[in-house]
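Q: Provided herewith is a single structure, encoded as structure tokens, for subsequent inquiry.
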Amino acid sequence: MTFTRKDLLGMRDMEAGEIRHILNTAASFREINTRAIKKVPTLRGKTVIHLFYEPSTRTRISFEIAAKRLSADTYSVGTSTSSMVKGETFFDTLKNLEAMKPDLFVIRHSASGTPQRLARRTSAAVINAGDGMHEHPSQALLDLLTIQDHKGHLDGLTVGIVGDIAHSRVARSNIWGLNKLGSRVIACGPPTLIPHDLQQMGVEVSHRLEDLVPDLDVLMVLRLQKERQEQMLLPSLREYATYFGVTEAKLAGAKPELLIMHPGPINRGVEISSEVADGGRSVILDQVTNGVAVRMALLYLLLHREEETA
Amino acid sequence: MTFTRKDLLGMRDMEAGEIRHILNTAASFREINTRAIKKVPTLRGKTVIHLFYEPSTRTRISFEIAAKRLSADTYSVGTSTSSMVKGETFFDTLKNLEAMKPDLFVIRHSASGTPQRLARRTSAAVINAGDGMHEHPSQALLDLLTIQDHKGHLDGLTVGIVGDIAHSRVARSNIWGLNKLGSRVIACGPPTLIPHDLQQMGVEVSHRLEDLVPDLDVLMVLRLQKERQEQMLLPSLREYATYFGVTEAKLAGAKPELLIMHPGPINRGVEISSEVADGGRSVILDQVTNGVAVRMALLYLLLHREEETA
Amino acid sequence: MTFTRKDLLGMRDMEAGEIRHILNTAASFREINTRAIKKVPTLRGKTVIHLFYEPSTRTRISFEIAAKRLSADTYSVGTSTSSMVKGETFFDTLKNLEAMKPDLFVIRHSASGTPQRLARRTSAAVINAGDGMHEHPSQALLDLLTIQDHKGHLDGLTVGIVGDIAHSRVARSNIWGLNKLGSRVIACGPPTLIPHDLQQMGVEVSHRLEDLVPDLDVLMVLRLQKERQEQMLLPSLREYATYFGVTEAKLAGAKPELLIMHPGPINRGVEISSEVADGGRSVILDQVTNGVAVRMALLYLLLHREEETA
């Protein structure tokens, strides 16, 4: 299989074969991260610019580590240090950076669709590292890889996603990816945080976590943004935790091999108890480890496109 | 020709031969930026410290890319993260950094003369990346290279500079450089923004853009700092734009091969219209591309001084 | 001698032989920093994460230069850009970073004991770059190396430490180190800034600088934190400077070969006069130069542990 995309913008427009190719590539890169010398010369001389217009530690560092372990050079532009202080438009900044001949942009932005607009205007490759409430494809890919590692396959699994589905780019990207690879997805959360179009995305809906749990092979717990309360979408964090916070008690009826996942950062005691987050079913840190391998695979596939297709 | 300077502080004290040598070196480095593997080992093991005490994206990233494509290691110190929080004097910070044996400092500072003072106190090389309203020599060099690319030569050209000449280090460095290489320079702007000593710098002055345009081979448009209005130097941005904003209408009488340049960041609709900035005469993004090559040349020439002169 | 520690957390629990081994290793690395090409491939492919939760220029850059001159890859996480904005706990951030398989963390934190807690929870190596008022071992090691360079030995020397001993991690680490290597230590400062347990640490106390000076081979001057005044521990900076500020007048009775040291950043005219700081006895910039070599030695010893002990 050859990978011919210029950009990695979302899971929605990907085909199952492409997703499987990325996961296989990531699995093969994973070994590098366990070596004493965790570095290969694959992307030597490549210029990768990170544009993070939202605060981030784990995703930014994960992409940076992925790039440097492949020997690429990385540069970082963020809001506070940028020319946007001087009133330049966002796309003027980008056209300027493009004129310095980077090979790839990794972009996170609060406005949905920004990576797509950037991709159309640059000949460099673009990876969407999270855009608004739209998509976060590298997170979905690392989630899929983690499930596959533990279950051996993705087709035929039942995956629950609990929390603020409506505002979650992580949920959205995972729903597209899981559907394409044959998993059944059931969303769970308060009615105010479940979008109306979920059925059209092939997702079932449940409003009671305990009813859902016995069917599940995997439970993805979403981070609850505390500002949802101010927006009157939630009565209180305590009430949310009572009904939708994942605790050992609510998992009483679960299959023994249920996997617990969370994209981080965790609000302990709100959407997940510490007992569950740190317990034997949790693969939360495996997700983080797989994140580096998935991002190495994405950088490799996008930057070796010409050579591969030649 | 050998290049024997320790520092690159300004265009004023450079000789025409030195400028031509930098431009030739930059032109030869440019090819590296078009390769699939944009990296050469020339400056491996060299330590370059970037001291940016004013916000900057394009210049800082341009210098960083230049350094890393030559395999130098770069470090970044800025106001927010620095010991200046703790009240240490600026030159104590610099003496301390110097004790760590860097090879070169790149410095941007709001106080004119700071790079010169640093250069006298350190045995490391110093590049002025913009000091107050004084000089910004790497910008002038990339501008000269861009003109030479498009016109084949610099002598005998007529170059207009429109805008806030009085407060512009870009204008000042370009005036010195253009004069030395044989271009005729005509400044244009409102009387409050034209310094009195321009004639002594060999520059003609015009107060009406339309009168000037037909003579020009190149028009450099300066960024208008919006704070000039608060300083009572400008009636309003709208009035400025009416008289000095560069539009297609004002360029009606121009030579067909007129080049439009701008150092960025652009205030669209103020000093330049989008139609002109993005039009066929604009070489604004060529300037940015040349910026990387010019900075590679400067790093190379300053850090290979010993070997070259040995 | 083999070095078998996983972490470098403090001077208190180190043995004299270990300290001497670090100093010898640092001395052997020093030569690299004087080469034209200041880089060796020793730590190629190693991942070093800098966690600086207090403002710092010199220590952060010193560690970064040390790592890159050994060819390690470095990453920087600080409070402003971190997920702590999103309310994640500190140790969740660290567990996440650990899941990306770094080899070593360098950590500075305002809470005493944080590096120790981190070290217990990670399999990566940990270097304490300063924790609260507790320890700053790499500073003590570079101070010991600087004294040894100038005096040839550490045993039998008399070392004065003047200033705010009570709140100084630099003083504490130096006291442990100097004692272990056979120096006699005398602390000097206002009674409010001298801790009660100093005698138990084997330190003599003097409250008058002039009385102390004639006995000294070395005088370490501590930085005075201006906030001690607000805490009512000091009447005024002027009064502090009058009694404890190190001036040429107060050094009138000193041995000719007395060394003056300061960990920086300096408050000129408060704890030390410019005349003394910049005078012939001052080895303040030698300390900074030795800092890079000591940190190279620490990175090398901790990351080559497996190979060395194998």
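Q: Convex hull volume of the Cα atoms in region A:1-110, per residue, in Å³? Show your work: numbers first, answer last.
A: On the way: hull volume 14.8 nm³, N = 110.
Spelled out: Cα convex hull of region A:1-110, divided by residues, is 134 Å³.
Q: Excluding residue B:113 itself, what net charge comes from residues whose Cβ is under 14 Å from its Cβ, given Lys and Arg +1 and Asp and Glu -1? Intermediate values should be presented prior to the final figure.
A: Working: positive: B:12, B:108, B:117, B:120, B:121, B:169, B:172; negative: B:7, B:13, B:131, B:135.
So the surrounding residues net to +3.
Q: Of all beta bridges DSSP finds with both residues in chain C, what is the antiparallel percent, to the nearest 5? Numbers along the way, then the final one.
A: Working: 1 of 37 bridges.
Of those bridges, close to 5 percent are antiparallel.
Q: Give me the percent of DSSP beta bridges within the protein assembly as shown that run antiparallel, rounded to the nearest 5. Don't skip to the answer; put the middle values down first.
A: On the way: 3 of 111 bridges.
Looking only at bridges with both residues in the protein assembly as shown, the antiparallel portion is about 5 percent.
Q: Can you give me the angle between helix C:16-29 and the longest principal axis of chain C, using Cα atoms only, in degrees from 0 to 90, rounded to the nearest 10?
A: 80
Q: Which whole-number value in Å³ per residue fits the convex hull of the alpha carbons of chain C? Before the final figure, lay out each step's value.
A: Numbers: hull volume 42.5 nm³, N = 310.
Dividing the Cα hull volume of chain C by its residue count gives 137 Å³.
Q: Could you compute the net charge surrounding residue C:244? Neighbours are other residues with a C-beta less than 14 Å from the C-beta of residue C:244; K and R count +1, D and E count -1. Could the numbers behind the result be given before it?
A: Details: positive: C:208, C:223, C:228, C:238, C:250; negative: C:164, C:210, C:211, C:239, C:271.
Here the count lands on 0.
Q: Separate question: Go ahead and run the numbers for FRET between residue A:258 and residue C:2, Cβ-Cβ distance against an R0 of 60 Å, rounding to 0.05.
A: With a Förster radius of 60 Å, E is 0.85.
Q: How far, in degrees from 0 to 90, does helix A:284-303 lean away from the longest principal axis of the Cα atoms of chain A, to the nearest 10?
A: Taking the Cα atoms of chain A, the angle to A:284-303 is about 30 degrees.
Q: Something else: Note the distances from residue C:239 to each other copy's matching label point, with points 7 Å along the Cα-to-beta-carbon direction, in nm, sorted shortest first.
A: With the label placed 7 Å along Cα→Cβ, residue C:239 yields 5.9, 5.9 nm.
Q: Taking a label point 7 Å from the Cα of residue A:89 along the Cα→Cβ vector, which residues of region B:235-268 have an amide N closer than 14 Å to it?
A: The answer is B:266-268, whose backbone nitrogens lie closer than 14 Å to the label point.
Q: Excluding same-chain residues fewer than 8 positions from residue C:226, which lysines have a Cα within less than 25 Å of its Cα?
A: Partners found: B:86, B:95, C:250.
Q: Let me ask something additional. Given a Förster distance of 30 Å, report the FRET efficiency between residue C:112 and residue C:40 from their Cβ-Cβ distance, rounded to the nearest 0.05.
A: Details: r = 35 Å, r/R0 = 1.16.
E(calc), rounded to 0.05, equals 0.30.
Q: Tell me, what is the FRET efficiency for residue B:153 and residue B:275 to the nearest 0.05, using R0 = 35 angstrom and their Cβ-Cβ distance as r?
A: Values: r = 29 Å, r/R0 = 0.83.
Once rounded, the FRET efficiency stands at 0.75.
Q: Additional query: Of all DSSP beta bridges in region C:73-193, what percent run antiparallel (nearest 5)? Let's see the in-between values first.
A: Numbers: 1 of 11 bridges.
Expressed as a percentage, antiparallel bridges in region C:73-193 total about 10.
Q: So, in Å, what gap is there between the alpha-carbon centers of region C:230-289 and region A:1-79?
A: Their Cα centres are 51 Å away from one another.
Q: Another question about this same structure. Tell me the angle of helix B:169-180 to the major Cα principal axis of chain B, expressed in degrees between 0 and 90 and rounded to the nearest ten.
A: With both axes taken from Cα atoms, the answer is about 90 degrees.
Q: Note down the net charge around residue C:275, summing +1 for each Lys or Arg and -1 for each Asp or Glu among other residues with Cβ under 15 Å from its Cβ.
A: Numbers: positive: C:250, C:268, C:281; negative: B:92, C:248, C:271, C:278.
Computed value for this residue: -1.
Q: If the cut-off is a Cα-Cα distance under 14 Å, which aspartates and glutamates reach residue C:39, setting aside same-chain residues fewer than 8 apart in sequence?
A: Once the sequence-local aspartates and glutamates are set aside, what remains near residue C:39 is B:73, B:103, C:31, C:64, C:73.
Q: Using a Gaussian network for chain A with springs between C-alpha atoms less than 10 Å apart, which of these wobbles most: A:169, A:44, A:35?
A: A:35
Q: Roughly speaking, to the nearest percent, how much of region A:225-290's 1.4 Å accessible area is carbon and sulfur?
A: On the way: 1630 of 3120 Å².
Its accessible area is 52 percent carbon and sulfur atoms.
Q: Here's another thing I want to ask about it. Is there a simple number for the mean count of other chain Cβ atoms within 10 Å of the Cβ of residues in A:58-65, and what is it?
A: Values: counts 10, 1, 5, 12, 4, 0, 5, 8.
Average neighbour count from other chains, rounded to a whole number: 6.
Q: Along the principal axes of its C-alpha atoms, what lengths does region C:137-284 span, in descending order and rounded to whole Å?
A: Principal-axis extents of region C:137-284 (Cα, largest first): 41, 33, 27 Å.
Q: Right, another one. Could you list which residues have their amide H under 5 Å from that of residue C:50, counting only those 5 or more apart in sequence or on another chain, with H placed in the peptide plane?
A: C:75, C:76, C:77, C:106
Q: So with the 1.4 Å probe, I'd like the accessible area per residue for chain B, rounded to whole Å². Working shown, then result.
A: On the way: 10980 Å² over 310 residues.
Accessible area per residue: 35 Å².
Q: What distance in nm lies between label points placed 7 Å from Cα along the C-beta direction at residue A:27 and residue B:201?
A: Distance between the two pseudo-spin positions: 6.5 nm.
The values are calculated or read from the model by the stated rules, or taken from the named source; none is laboratory data. Small disclaimer: the values here were computed from a predicted structure and weren't measured. Positions of Cβ are generated from backbone atoms using ideal geometry, with glycine treated the same way; all protein chains shown enter the neighbour counts. Surface areas here come from the heavy atoms of the whole protein model, side chains and all, with no ligands, DNA or RNA. Shrake-Rupley method; radii C 1.70, N 1.55, O 1.52, S 1.80 Å.
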